[in-house]
Structure formats: C-alpha cells, structure tokens
Amino acid sequence: MIKSQYGWDGYPRFKLPGIVDFCSALLPPEHGGPDPKLLGELVEKYASCLPTPARHGLRVALGAITAGTYGKLRSSDPDTRVKALNRLQGFGGGQALDAVKTVVLLVSGSDRNAQDILTRSNINPPARPDPHLDITPSLEWSSISYFDAVVIGSGAGGAMVARSLARSGMNVVVVEEGARHSVEEFRSHHPLRRWADLYRDAGATAALGIPPIVLPIGRGVGGTTLVNSGTCYRPPAKVLKRWRDESHLELADPDFLNPLVDDVWSTLEIGPVDLSVMGNNGLTALAGAKELGWAHGPLNRNAPGCGGCCQCAIGCPRNAKFGVHLNALPQACEAGAKILSHARVTKILTEGGRATGILASRENGSHLEIRAPIVVVCAGATETPPLLRRSHLGHHPRLGKNLALHPAIGISGRFSQDITAWQGVLQSASVEEFHDSDGILIEATSTPPGMGSMILPGFGRSLIDEISRSNTLCTLGAMIGDDGSGTVVGSRSPIITYNLKRHDGARLVKSIWVMGKVLFASGAHEVLTGIPSHQVVKSVAELEEATSNANYKKLHVAAFHPTGTCAGGGDPSTHPADPYGSLRGVMGVWIADASLIPSCPEVNPQVSIMALAQGVAIKILDNA
Ligand SMILES: Cc1cc2nc3c(=O)[nH]c(=O)nc-3n(C[C@H](O)[C@H](O)[C@H](O)COP(=O)(O)OP(=O)(O)OC[C@H]3O[C@@H](n4cnc5c(N)ncnc54)[C@H](O)[C@@H]3O)c2cc1C
Ligand code: SF4
C-alpha cells in the first residue's frame, strides 16, 4: 500500500463500519492480500469523494453484509470468512456484495499498481506541453460580465461550438463546472485520485434499472474527452440516413455533415493504432478474428504520439490522447474565446421568450451572472435536461426521455502465455463482423493496471489467485446499438433510469458468444463470461450452453455513450430541439452536445458529436 502518498493525505474519511472485516474476508492478508486496515482507510477516503446517496448506499450494503454474515467476517480463519461471503451470495446477498466488492477492488487494484502506473507514466516526456488557455477560475471572475455567446460545458460539443463561434468573431465564453487538469497531475497523482477527480461523482454515476448500468461521465476542462479511450469513428452512413430521413435532423445530411467530420478528423489528428504500440490485448483480438475470417482491424484514434501506457481512462500522462482541451479549446482561445472554470451553471436566463444569459455558482456558493443573447447548452446528455428544467425551459414532454446508452459488456479469455493487457493501447482493435447485422461492435479494451479486477469472480484465496494471474487475461468489450429506453429525471442531481429492452438484452448475450468465439479462436483455454451461472467456460460448446441460458438481467453492464435526451429533429412533438439544434419554445438557446443525437450512434460518438456541434454553430451564425 502506498496510501499516504500522491495526495490522498488531506482527504477526509467517510466512516464505513465493517469495511476492515470485509476487506480481510475479500482479500485475506493470510493469502497475500493487503493490510485490511490500510485498505479500509483508503476505501473510506475514496468514499468521501462519492455523492451522498452513493456513499450511504455503500454503508447500507456493508451493514447488510455484516448482518447477513453473523459476525463470521471477524473470524481469524480466512476460510470461515470466505464461506460466510459465499453463503450470503447464495442467499440473495449478491447485489450488496457486488456493490462493495466493486469499490474495494477498484481501490485496492489501483493502489497495488499505483507505483507501476506512475513509473510507466514517466518513462517518456509528454508528446506535447499543456497548451495556453485563456482560463479563469470562477473565484477570480467578476459577478457580472457581457458576451455575445455563452457555451455551457467544455467537452466534445462545447469545445467545437466555441471554436467555430470565436473564429467567426463572436465574443465567446465557455463555462465549465470542472477544473483544468494538467499533464503533470497525470504523471504524479495516485491513479485512484485521478479517477475521483476526473469523473462526475467520482465515477459512481449509474443508470437505475434491471440490470443497473454503470455510467461514468467526465468532468473538467475538456469534458469526457479527458478520460475517453480516444476511439474515433465517422458516423455510419446508415445512421446518418436514419437521423436525416426518420428524425429529420437536417444537420445530419451527409452533404452538410461530412465536410465537418473531415474537419474533426484533421483537428484531432486521427489515425489507426500503430501495431508496434497496440500491445498483446489488441493483437490477440485481431488474431482471433482473423482465424474466424471475421472483419477486424486496428481502431482509429485521436492519439498522435501514443506510447501505449493504457491510462486513457484516468488522463493521458503523455498528452498524446488529443482531447479537445489540447486542440479545439486552445484554438478557440487563440480566436479570442475565454474559459471560466469551477463554475456550475445553475440557470439559463430568459426574458420575453429570448435567452439573456446564465447564472452560475462558484465553489464557495456565491453566484455570478453572464449576460449574452446566445446560450449554447453542451453539458452532456445527463446534465443538459436538468439544467433546462432548472431554467424553466423543460416543458417539452420528451426532454430527458429517449436516453440511449450504447450498453457495453466485457469478458476475458485466459491464455497460457503472458498477455499483460494493460501494456499497450487501452482500446486498440475492433471486430466488426456483427456490427451491420446485429449492431454489435467489439473493441479490445483493457483498463489501467489493476482497475479492472472487479470483473474477476470469487472471494478470498481464489480471488487473490485470479488477480495474480490477471496478466494472462485478454479483455474484450462489446457495445450494442440500443433503443432510447432511458430517462433523465430531476432538475438538480439527475436520476437516470434505464431498463434494457428484451431484444437489446438478447443481443448483449449474443455479444458474449461473439467475444468468446474470438477469444477461443485466438488460443484462450478458458473464458470468464461474466454470466453468474457459468462464470468460466472451457470450450465453444460450453460457451454456447452458457449463452443459450443466460439471463441478461443478471449481467454486469456498463455504458459510456449516453445520448438523445434533448433530441433534435423535425417533429415538434417528439424532438425538444429543432432540426438545426435550436431549443423549441425559446429564442437563442441551442443544444450542441450528445443530448441532441436522436438515436443511438452505434459507434463511439465523439466525432459525431463534434461534427454536429460545428453544424449547430453554423446555424447559430446564420441566425445571428
Ligand atoms: C470512460 C469513457 C470512455 C469513452 N471512450 C470514448 C471513445 O473512445 N470514443 C468516443 O467517441 N467516445 C468515447 N466516450 C464518450 C465521449 O467521450 C462522449 O460521448 C462525449 O465526450 C460527450 O460529449 P458532450 O459534449 O456531450 O459532453 P462532455 O464531453 O461530457 O462534456 C460536458 C461538460 O459539461 C460540463 N457541465 C455539465 N453540467 C454543467 C453545468 N451545469 N455548468 C457548467 N458545466 C457543466 C461537464 O463538467 C463536462 O465537462 C467515452 C466516455 C467515457 C466515460
Ligand atoms: S494509451 Fe492512452 S494514456 Fe497511454 S499514451 Fe496512449 S493515449 Fe495516452
């Protein structure tokens, strides 16, 4: 444990009674697990970063585990402790156990590997320095200021729209709730702290439903592009056709959008992953797909100078991953835009049916006002609807509805040779055989070292054994194009709900079969399926049996691409925004983020979002 280093010292602890006993049962020190007291302390520090409901949920789950194991977790015999956890799992305690296990393994894995992660972060100098940004923290910003346009949110959409407007000569300010993060932080801070700092709610966002879906969202100057995997796809032709012909989103017309996609492609310096840095995880996936004769290839990424250190999800320590904080935002500033950080927009101001500006709160609770006739909302698909409701602009019945998530699932294959999935590019290669036919997109994806051990089955000695052999695992992820069956409700901290439709669940199960086939074809001798009733399968026949009986409601699902909550399109009763991104029912408020996308993008969406945002900017200028 290196718990007191790298900046965790000042963090308070949120008391979690029973955490030390749980840690000693989950990862017994007798079998090589970490000191449960130190681990418990670090879990409590991480818990202090979580939003109130999540940390209380954790406390409740631990309470249920303590009560359900009748004091057995205090036994001095590690086998007795593990038996108690296994018994509880058998008697319906699976959800509470999963919740606490996930957090403890995230904390212990990142701490166990912290030194290695930081060493690898510093092997090479940054590919480029942090650029100059005209940025002011909110405490230093005046209480009232005047601009031509305010852009809310500095992520994929916000950065692009700000750049276009500033380049046209508008006086633009980008207002961002999060902080600016430097490459130096990514080279020196504890990985868990990077995780807690870079994600909204310290990464604990989830969509409630059956199954619940983990939904991490970035927060900071650069938005989610700070933490994304850098995978880039052009919007597929059939998706653009659907958006244009069925939703009547005029911005999606290929003749209009494709030149903007080209511009994003060159701004982000997108190119295929070089096989020399890809790493074994991607190479193994490519070999399996090749063996099967399935469509495959290196992914396109916006990461010029990538050294394959597998840390994209906690901030690139080389400044190689070319998030918008490294290109569109500095370019916007060069054209005169300003960035206001640490300012949460609480309300969009209107008078007589027209935008007049925004109100934002500073970290100390004080408020500032920015007056502007144009307000562009780019707060992301989960934050845009509550902001519009807070602003009394949330009357449209479909606002917050139509949430598509592009749900994802991960599995691993065990090989006899070393794979060390985390030495190489975090997301590196694709298998697209079932993309057109079933909407299943497979991408070879690892996590930063140790930060993916929560997918490993079991408790105690067997879990420690799994962790110690995790270098022999190849990990794949699959995403499925889904129906927009989720909602974002509320006007402050949003509540996200999502019930996976039966046919989407069936395709998630099919994707386990697809990934398992790739892994076996590339030489895996067993596959960790993530299916509770068949955790490990040792042949394609066993894989088929496992997937034919799997209940999608019991899978561990995550999602990274929420879209559609303020959809743009031609039908006033279906689309809160018009075909060009203007919010219906008010003048001067525009939507230019993932919420504008009318249905699941079916590929990693950052390029689509950025191109559409540029399209919205063109329409704003046409209207100005
Ligand atoms: C782990 C992960 C990996 C991903 N990998 C990929 C990938 O490889 N390829 C890909 O294409 N996509 C990927 N994505 C998704 C992609 O990054 C997002 O779809 C995209 O960034 C969304 O753009 P946006 O502009 O809608 O929102 P964001 O980029 O999330 O930006 C929204 C910004 O608004 C700010 N904000 C919110 N509310 C307020 C407020 N009230 N006041 C002020 N500011 C506010 C937020 O703090 C945030 O910075 C990934 C996502 C995640 C979580
Ligand atoms: S793998 Fe990701 S974090 Fe590492 S250098 Fe490449 S882009 Fe950066």
| message | Suppose we filter ILE374, ILE358, ILE370, ILE348 for residues that are more than 13 Å from ligand 1 (Cβ to nearest atom), under 22 Å from SER582 (Cβ atoms) and at pLDDT 95 or above; which single one remains? | response | ILE374
| request: Kindly establish whether ASP111 is surrounded by fewer than 18 Cβ atoms within 10 Å (Cβ to Cβ) and of a type in the set (Asp, Glu). | output: no
| field | Residue ID - least open to solvent (accessible area, probe 1.4 Å), chosen from residues in region 114-156 that are in a helix (DSSP H, G or I) and within 16 Å of ligand 1 (Cβ to nearest atom) | value | SER138
| query | Do you know which residues across region 228-245 are more than 16 Å from ligand 2 (Cβ to nearest atom) and not β-branched (Val, Ile, Thr)? | reply | TYR233, ARG234, PRO235, PRO236, ALA237, LYS238, LEU240, LYS241, ARG242, TRP243, ARG244, ASP245
| query | In region 198-242, which residue that is away from ligand 1 (no atom under 12 Å from the Cβ) and touching an Asp or Glu at 6+ places or on another chain (Cβ under 9 Å) is nearest to PRO298 (Cα to Cα)? | reply | PRO236
| request: Filter region 255-300 for residues that are within 18 Å of VAL324 (Cβ to Cβ) and within 23 Å of the chain's Cα centre (by Cα) and give the result. | output: VAL261, VAL264, TRP265, THR267, LEU268, GLU269, ILE270, GLY271, ASN300
| said: Against the condition among the small types (Gly, Ala, Ser), without any contact (Cβ under 8 Å) to a residue 24 or more places away in the chain and either in contact with a helix residue (DSSP H, G or I) (Cβ under 9 Å, 6 or more places away or on another chain) or not in a helix (DSSP H, G or I) (or both), how does SER595 come out, does it pass? | reply: no
| field | Close pairs (7 angstrom Cβ cut-off, 6 or more residues apart or separate chains): within 14 Å of GLY564 (Cβ to Cβ) and open to solvent by less than 10 Å² (accessible area, probe 1.4 Å) in region 373-389, in a strand (DSSP E or B) and away from ligand 1 (no atom under 11 Å from the Cβ) anywhere | value | ALA381/LEU403; THR382/VAL488; THR382/ILE496; PRO385/VAL488
| Pairs where the first residue, in region 57-72, is open to solvent by less than 50 Å² (accessible area, probe 1.4 Å) and the second is part of a helix (DSSP H, G or I) and among the basic types (Lys, Arg), C-beta under 9 Å, 6+ apart | GLY68/ARG87; THR69/ARG81; THR69/ARG87
| query | Looking at this structure, is ASP21 closer than 26 Å to ASP79 by Cβ and open to solvent by 20 Å² or more (accessible area, probe 1.4 Å)? | reply | yes
| note | Log entry, pairs with first residue in region 509-537 being on the phi > 0 side of the Ramachandran plot, second being surrounded by 23 or more Cβ atoms within 10 Å (Cβ to Cβ), beta carbons closer than 6 Å, six or more apart or on different chains, reads GLY530/ILE411
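Considering ILE442, ILE409, ILE467, ILE496, which residue is in the same structural domain as SER522 (by TED's automatic domain parsing), away from ligand 1 (no atom under 15 Å from the Cβ) and touching a residue at least 12 places away in the same chain (Cβ under 8 Å)?
Of the residues listed, the single one that is in the same structural domain as SER522 (by TED's automatic domain parsing), away from ligand 1 (no atom under 15 Å from the Cβ) and touching a residue at least 12 places away in the same chain (Cβ under 8 Å) is ILE467.
If a residue has to be among the β-branched types (Val, Ile, Thr) and assigned to a loop (DSSP other than H, G, I, E, B) to count, how many in region 377-435 make the cut?
Of the residues in that region, 4 qualify.
Every residue, every condition in (1) among the acidic types (Asp, Glu); (2) within 23 Å of ALA381 (Cα to Cα); (3) assigned to a helix (DSSP H, G or I), yes or no:
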residue: PRO235; (1), (2), (3): no, yes, no
residue: LYS241; (1), (2), (3): no, yes, yes
residue: PRO259; (1), (2), (3): no, no, yes
residue: ALA289; (1), (2), (3): no, no, yes
| request: Return the residue satisfying two criteria in turn: it lies in region 202-224 and is assigned to a helix (DSSP H, G or I) and at pLDDT 95 or above, and of such residues it is surrounded by the fewest Cβ atoms within 10 Å (Cβ to Cβ). | output: THR224
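Which of the residues spanning region 540-597 are among the acidic types (Asp, Glu) and either crowded, with 24+ Cβ neighbours inside 10 Å or within 16 Å of ligand 2 (Cβ to nearest atom) (or both)?
ASP593 - this is the single residue of region 540-597 that is among the acidic types (Asp, Glu) and either crowded, with 24+ Cβ neighbours inside 10 Å or within 16 Å of ligand 2 (Cβ to nearest atom) (or both).
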| note | How many residues of region 288-309 are touching a Gly at 6+ places or on another chain (Cβ under 6 Å) and buried (at least 24 other Cβ atoms within 10 Å of the Cβ)? The answer is 3
| note | Inside region 329-365, the number of residues satisfying the requirement of being open to solvent by 10 Å² or more (accessible area, probe 1.4 Å), of a type outside the set (S, T, N, Q) and part of a loop (DSSP other than H, G, I, E, B) is 8
| message | Checking THR267 against (1) more than 16 Å from ligand 2 (Cβ to nearest atom); (2) crowded, with 24+ Cβ neighbours inside 10 Å; (3) among the polar types (S, T, N, Q), only one condition comes out false. Which one? | response | (2)
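The values are calculated or read from the model by the stated rules, or taken from the named source; none is laboratory data. Owing to the predicted nature of the structure, the values given are computational and were not obtained by experimental measurement. Cβ coordinates were reconstructed from backbone atoms using ideal geometry, including for glycine residues, and neighbour counts include every protein chain displayed. Areas reflect the complete protein model, heavy atoms only, side chains present, ligands, DNA and RNA absent. Shrake-Rupley method; radii C 1.70, N 1.55, O 1.52, S 1.80 Å.
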